[in-house]
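What follows is a short report on a single structure.
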Amino acid sequence: MNITQLPFIKEIYGFLGHDLVAAVIGILIILVFVPLNSAFLVWVERKVAGHIQLRPGPMEVGPHGILQTLIDAVKLMSKEMITPKLADKFLFWLAPIVIIIPAIVCFVVIPFSPLMQVREMNVGILLIFSFSSLTVLSILMAGWASNNKYALIGAVRAVAQNVAYEIPLLLSTMSIIIMTNSFKMSEITAAQSPVWFIVYQPVAAIIFFISTTAETNRAPFDLVEAESELVSGFHTEYTGMRFALFFLAEYTNMFIAASMGAVLFFGGWHGPFFPGLIWFVVKVYALIFVIIWVRWTFPRLRFDQLMNFAWKVMIPVALLNLMITAIVLKAL
Amino acid sequence: MIAITDIISPVLVARGAFWLMVTITLTGALLAVVPRNIVHNILGLALAMFGITGIYLYLGSQFVAMMQLLIYVGAICMTYIFAIMLSPPLELELPKRRKAKVITAFFVSLVTFIVMAQMILSYKWAPVTSLSRDWSIETIGQQLLTRYFLVFELISLLLAIAIIGAIMIAGLVRRKN
């Protein structure tokens, strides 16, 4: 058999031949964007939290404290990385690396504008889902390898929560997929040119929003790192740059969740007057603002409430929504 | 103009990618069986599944590859972890490895390996230069709900029975306590 005729080889060489420069530029942009975006989001989070609680938030470094997180990042980088004596050394070292890779891979298929997408894939949405499911694995690694009660409880909660909320998340996305007949991010965006999908699928949008909040372990679903009871959950034992990687991953996952929300329900880069990139970024940051707003407004749920809500409310409603979508599409 | 194929030979890349995936899969499989630490076993299994994802990508089926990752790494390994949470903690003394059990397990896997190898070797693999059919997501879905409908339904029945069985066992244990 001629091994060079494999589709995979053709793809790699096509990639190297024509799109190599585009790919290198795209990857560079992602690698620069991920830390900067996280730094910005941490600042936004602290500012929004401050204003909600009627205080100014960070004000010292730069105008309105905008450079605060950069200084914090420098501090984190120069800190000592401590490994607990009884920790599983290899897994303790591996966990922060495993958590950041899927967060970066997911950027490959996100369409920032009609032209700005590193790679269009037939399985775009599925790529994001399958790689973000690796995050739980790394949380478990971190929590278990730390050999610390708080970390382990945090990790165990993360696994239970993620298994529960991944199902309604996928089901709510499926109702969009059967409307567009495509997993391609660009085709889903193109299908929303006159009307956004949130108009047709408001229930799916709400389920999607709640599930992604739970999947990214944000309040009111942040039992994974509940500060008041678990110190800081699965990354209790992490210091310095390793801790920073967990932080980076959390905010990057938030960005990816928000951009999926924008692509699926808010028309992606569609919008009047301004270029697509501006619309996309505005929509994504607006969604992130809502996530932060929710965090500083609602109290944390109890764990049994969280699981009951997922299995007894979210999944049945998502299934019903999917069924109604299918029936309506068939009837039309 | 120098083509990229002159600099890096496609055969080398294909061979390299294939053996990389095979190495990852086999390393993961060994890690899943050999160490005594059960969390290492699960992570080894996840690594093996990841390697298989790579093999699907190598064969050009992106959809099946993503499903492999989503279902096997994202869901099945997670369910195993659930089972581990119910197992005794690691600080306690591990039950000793019984020689008889190890030998039986080795024997069973050897027989399975021989049977499967025999099956694979006895089939006359014809060299294919292009895909025989359009294996897109639509084709897979169509085939699942027409030609392989019975198998598909039987598998779901099997899963349903497994779930009911698990609930029954859990319920019985709880009632005893």
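The values are calculated or read from the model by the stated rules, or taken from the named source; none is laboratory data. Everything numeric in this text was worked out from a predicted model, so none of it was measured. Cβ: placed from backbone, ideal geometry, glycine included. Neighbour counts: every protein chain shown. All accessible areas refer to the heavy atoms of the entire protein, side chains included, with ligands and DNA or RNA removed. Shrake-Rupley method; radii C 1.70, N 1.55, O 1.52, S 1.80 Å.
Among the residues making up region A:43-87, a single one is loosely packed, with under 12 Cβ neighbours inside 10 Å, within 27 Å of A:Ser138 (Cβ to Cβ) and acidic (Asp, Glu): A:Glu80.
A quick yes/no check of all residues on (1) polar (S, T, N, Q); (2) open to solvent by 50 Å² or more (accessible area, probe 1.4 Å); (3) more than 8 Å from every other protein chain (Cβ to nearest Cβ); (4) under 22 Å from A:Leu169 (Cβ atoms):
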position: B:Ala17; (1), (2), (3), (4): no, no, no, no
position: B:Leu20; (1), (2), (3), (4): no, yes, yes, no
position: B:Thr27; (1), (2), (3), (4): yes, yes, yes, no
position: B:Pro35; (1), (2), (3), (4): no, no, yes, no
position: B:Val39; (1), (2), (3), (4): no, no, no, no
position: B:Gln62; (1), (2), (3), (4): yes, no, no, yes
position: B:Leu70; (1), (2), (3), (4): no, no, no, yes
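Kindly evaluate A:Ser132 against the criterion of being buried (at least 24 other Cβ atoms within 10 Å of the Cβ), more than 10 Å from every other protein chain (Cβ to nearest Cβ) and of a type in the set (Ser, Thr, Tyr). Taking the combined requirement at face value, the residue does not satisfy it. Residue check: A:Val74 meets all listed conditions (1) touching a residue at least 24 places away in the same chain (Cβ under 8 Å); (2) away from every other protein chain (no Cβ under 14 Å) but one, namely (1). Within region A:191-203, residues that are among the aromatic types (Phe, Trp, Tyr) sit with their Cβ atoms under 6 Å from residues that are modelled with pLDDT under 85 and crowded, with 17+ Cβ neighbours inside 10 Å, at 6+ positions apart or across chains, in these pairs: A:Trp196/A:Gly267.
Somewhere in region A:88-96, is a residue among the basic types (Lys, Arg), more than 14 Å from chain B (Cβ to nearest Cβ) and either under 19 Å from A:Phe255 (Cβ atoms) or open to solvent by 80 Å² or more (accessible area, probe 1.4 Å) (or both)? No: region A:88-96 contains no residue that is among the basic types (Lys, Arg), more than 14 Å from chain B (Cβ to nearest Cβ) and either under 19 Å from A:Phe255 (Cβ atoms) or open to solvent by 80 Å² or more (accessible area, probe 1.4 Å) (or both).
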